[in-house]
Amino acid sequence: MNATGAPAGPKRADARRNYELLIAAATEAFAERGADDVSLEEIARRAGVGIGTLYRHFPARQALLEAVYKDQVDGLEVLAGKLMVYESPGEALAEWMRAFAAFGRTKRSLSAALVATLGRDSELLSACSMVLRNCTEALLARAQDAGVVRSDVQSADLLRLTHAVIMATEAPGADPGQADRMFSLLMDGLLVAPGGRR
């Protein structure tokens, strides 16, 4: 509050900035080491804020886990909106699948931690899953309507194939370029052959 008793704008801006710094730091740390192996103190240090600031935003570890997960899904939903107006529907779908796979790789330990505490059918996980399914369906339908992706492909196929690529490229011995090669092979199988429809 300022001297007149009105809300102080700069503090709100600082609080928002600190929130975003904490989310970014937690996302990075969870991707590197897993959601269970990073202390809240380390996340605060990475974000450049005190532990008290972290607790003001996230009174419990669970609140931080939920916020990071939802932030990532919100980001994917924004990306899907941009891809829906992308000039090439086929390229938009490929970009979506790559982004979805990147999300899948970073969220595995986070998702497991949330399932353990909230349950697989929790409101948060169900709502986020619906967002991701709807985005996939919309981008797939657009590519199919444009005649560039096979008409027999279903959104569930894409989600499972993307999960398979994640699992395969996380196996010991996988090289850094393998995921891109596998996605290229995958898209070759999804795309309609020139001059005909599958």
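What follows is calculated from the coordinates using simple rules that are stated; it is not laboratory data. Small disclaimer: the values here were computed from a predicted structure and weren't measured. Methodologically, a virtual Cβ is constructed for each residue, glycine included, from the backbone with ideal geometry; neighbour enumeration extends over all protein chains shown.
Miscellaneous remarks
- Prolate/oblate/rounded call for the range 32-97, Cα gyration tensor, a/c under 1.5 rounded: prolate
- Close amide-amide hydrogen proximity is noted between V149 and Q144, V192, each under 5 Å apart and 5 or more residues distant or on a separate chain (H modeled in the peptide plane; Pro and chain starts excluded).
- Length added when fully stretched, R17-S151, from 0.36 nm per residue minus Cα-Cα: 43.7 nm
- Here the 3J(HN,Hα) profile of the range 25-39, calculated from phi with Karplus coefficients 6.51, -1.76 and 1.60 at θ = phi - 60°, is 5, 5, 4, 5, 5, 5, 5, 6, 10, x, 5, 8, 9, 10, 7 Hz, Gly and Pro shown as x.
- Here is the list for the range 85-179: GluC sites (Glu not before Pro) lying in DSSP coil, each with at most 16 other C-beta atoms within 10 angstrom of its C-beta, are E87, E170.
- Length gained when the stretch S129-M187 is fully extended (0.36 nm per residue, less Cα-Cα span): 18.6 nm
- Global geometry of the range 103-191, whether rounded, prolate or oblate, following the gyration tensor of its Cα atoms and the 1.5 cut on a/c: oblate
- Counted over the chain with a bin width of 10 Å, the fraction of Cα pairs per bin, in whole percents, is 8, 29, 30, 20, 9, 3, 1, 0.
- Taking the centroid of alpha carbons for each part, the range 19-38 and the range 77-109 are 21 Å apart.
- Trypsin sites (Lys or Arg not before Pro) within the range 73-134, DSSP loop, no more than 14 other Cβ atoms inside 10 Å: R120
- Prolate/oblate/rounded call for the range 145-188, Cα gyration tensor, a/c under 1.5 rounded: oblate
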